[in-house]
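What follows is one structure encoded as structure tokens, with my remarks underneath.
The values are calculated or read from the model by the stated rules, or taken from the named source; none is laboratory data. All values derive from a computational prediction rather than experimental measurement. No Cβ is skipped: glycine too gets one built from the backbone with ideal geometry, and neighbour counts run over all protein chains shown.
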Ligand code: ADP
Ligand code: MG
């Protein structure tokens, strides 16, 4: 999917109509809007089918900091993976800028994900053999290939350094993940998630492995990114106090999203 297709607004004939679960499809057309309508997802374990999402409707506005709270096993990670097109739903749709993104073929999904979505996780998922700076650069190398990357290497390195400075890690550029604390690893992961200039940051329990003080620091970084750079953030957490720091919170329970 190219950008021109992505930013094309939704069919005006859909204005005002309700989706299968009562969500207003016309809202999907708003620029920067990320929406899930009627999402269903089950996992199969042998002959047993485990329903996880049973018709999830969710609208994320551009520039919003939304938290999704739910107990362990309620399907938070599953939902976040679907929103970021890491996995496909069994039924329902995901729309971004008014265009469906859940049914885009693999290559298009990779491009979309690289360019428009950044992700951070509870366990950081940094590459252990790379330095903090190289970890931040890695999505650009993957997206552009070696030649494309090398042509703009100076510019990329400057950007990666700026991001690492912004998250307070400019004194750890050459450190490998095992030489960093948990909070420092999450800072590097945030810089990596932002290096391609995404519109949306998807955060899966970003403070789940950190002590509360360090978790607060990570949240402050997320808040600043949201306030000052208009970054849309969707953060899942099982922790009410963490969730309360977002602009809005919804709860995932029994496979559906409810307003808190
Ligand atoms: P949460 O992030 O809220 O803890 P998850 O989305 O990780 O929940 O998982 C929801 C449910 O789906 C859990 O019961 C989990 O065991 C199950 N599940 C998650 N991923 C898989 C998988 N790949 N295969 C089978 N079951 C899975
Ligand atoms: Mg999870």
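Identify, from the list 74, 138, the residue that is within 16 Å of ligand 1 (Cβ to nearest atom) and surrounded by 15 or more Cβ atoms within 10 Å (Cβ to Cβ).
Working: 138 fails: within 16 Å of ligand 1 (Cβ to nearest atom).
Checking each option against the conditions leaves just 74.
With respect to residue 176, determine if the residue is out of contact with any helix residue (DSSP H, G or I) (no Cβ under 9 Å at 6 or more places or on another chain), at pLDDT 95 or above and more than 16 Å from ligand 2 (Cβ to nearest atom). Give the derivation first.
Details: out of contact with any helix residue (DSSP H, G or I) (no Cβ under 9 Å at 6 or more places or on another chain): no; at pLDDT 95 or above: yes; more than 16 Å from ligand 2 (Cβ to nearest atom): yes.
Taking the combined requirement at face value, the residue does not satisfy it.
Using the structure shown, decide if residue 143 is modelled with pLDDT under 95 and buried (at least 16 other Cβ atoms within 10 Å of the Cβ). It would help to see each step written out before you state the result.
Numbers: modelled with pLDDT under 95: yes; buried (at least 16 other Cβ atoms within 10 Å of the Cβ): yes.
So residue 143 passes the test.
Would you point out which residue out of 34, 66, 80, 39 is more than 17 Å from residue 103 (Cα to Cα) and modelled with pLDDT of 95 or more? Before the answer, list the steps.
Working: 34 fails: more than 17 Å from residue 103 (Cα to Cα); 80 fails: more than 17 Å from residue 103 (Cα to Cα); 39 fails: more than 17 Å from residue 103 (Cα to Cα).
Within the list 34, 66, 80, 39, the selection yields 66.
Please specify each residue of segment 59-71 satisfying the condition of being part of a loop (DSSP other than H, G, I, E, B) and either within 16 Å of ligand 2 (Cβ to nearest atom) or surrounded by 18 or more Cβ atoms within 10 Å (Cβ to Cβ) (or both).
So the first thing to find is which residues in segment 59-71 are part of a loop (DSSP other than H, G, I, E, B), and the list is 61-64, 70-71.
Those that are part of a loop (DSSP other than H, G, I, E, B) and either within 16 Å of ligand 2 (Cβ to nearest atom) or surrounded by 18 or more Cβ atoms within 10 Å (Cβ to Cβ) (or both): 64, 70, 71.
Any idea how many residues of segment 136-160 are closer than 23 Å to residue 224 by Cα and more than 22 Å from the chain's Cα centre (by Cα)?
2
Name every residue in segment 77-91 that is within 16 Å of ligand 2 (Cβ to nearest atom) and either part of a helix (DSSP H, G or I) or surrounded by fewer than 21 Cβ atoms within 10 Å (Cβ to Cβ) (or both), in order of residue number.
Hits for segment 77-91 are 77, 78, 79, 80, 81, 82, 83, 86, 87.
Which of the residues spanning segment 222-244 are buried (at least 18 other Cβ atoms within 10 Å of the Cβ) and either in contact with a helix residue (DSSP H, G or I) (Cβ under 9 Å, 6 or more places away or on another chain) or not in a helix (DSSP H, G or I) (or both)? Reasoning before the result, please.
To start, the set of residues in segment 222-244 that are buried (at least 18 other Cβ atoms within 10 Å of the Cβ) comprises 222, 225-226, 231-237, 242-243.
Those that are buried (at least 18 other Cβ atoms within 10 Å of the Cβ) and either in contact with a helix residue (DSSP H, G or I) (Cβ under 9 Å, 6 or more places away or on another chain) or not in a helix (DSSP H, G or I) (or both): 222, 225, 231, 232, 233, 234, 235, 236, 237, 242.
Which of (1) in contact (Cβ under 8 Å) with a residue 12 or more places away in the chain; (2) within 21 Å of residue 232 (Cα to Cα); (3) in a helix (DSSP H, G or I); (4) out of contact with any strand residue (DSSP E or B) (no Cβ under 6 Å at 6 or more places or on another chain) does residue 137 not meet, given it meets every other one?
(2)
Determine which member of the set 196, 188 is over 26 Å from residue 75 (Cα atoms) and in a loop (DSSP other than H, G, I, E, B). Break it down stepwise before answering.
On the way: 188 fails: in a loop (DSSP other than H, G, I, E, B).
From the options 196, 188, the qualifying one is 196.
Within segment 103-134, can you find the residues that are without any contact (Cβ under 8 Å) to a residue 40 or more places away in the chain and either more than 30 Å from residue 44 (Cβ to Cβ) or in contact with a helix residue (DSSP H, G or I) (Cβ under 7 Å, 6 or more places away or on another chain) (or both)?
134
Tell me, yes or no, whether segment 246-258 has at least one residue that is closer than 18 Å to residue 125 by Cβ and either in contact with a strand residue (DSSP E or B) (Cβ under 8 Å, 6 or more places away or on another chain) or surrounded by fewer than 19 Cβ atoms within 10 Å (Cβ to Cβ) (or both). Walk me through it before giving the result.
From segment 246-258, those closer than 18 Å to residue 125 by Cβ are none; that's our starting set.
No, the conditions are met nowhere in segment 246-258.
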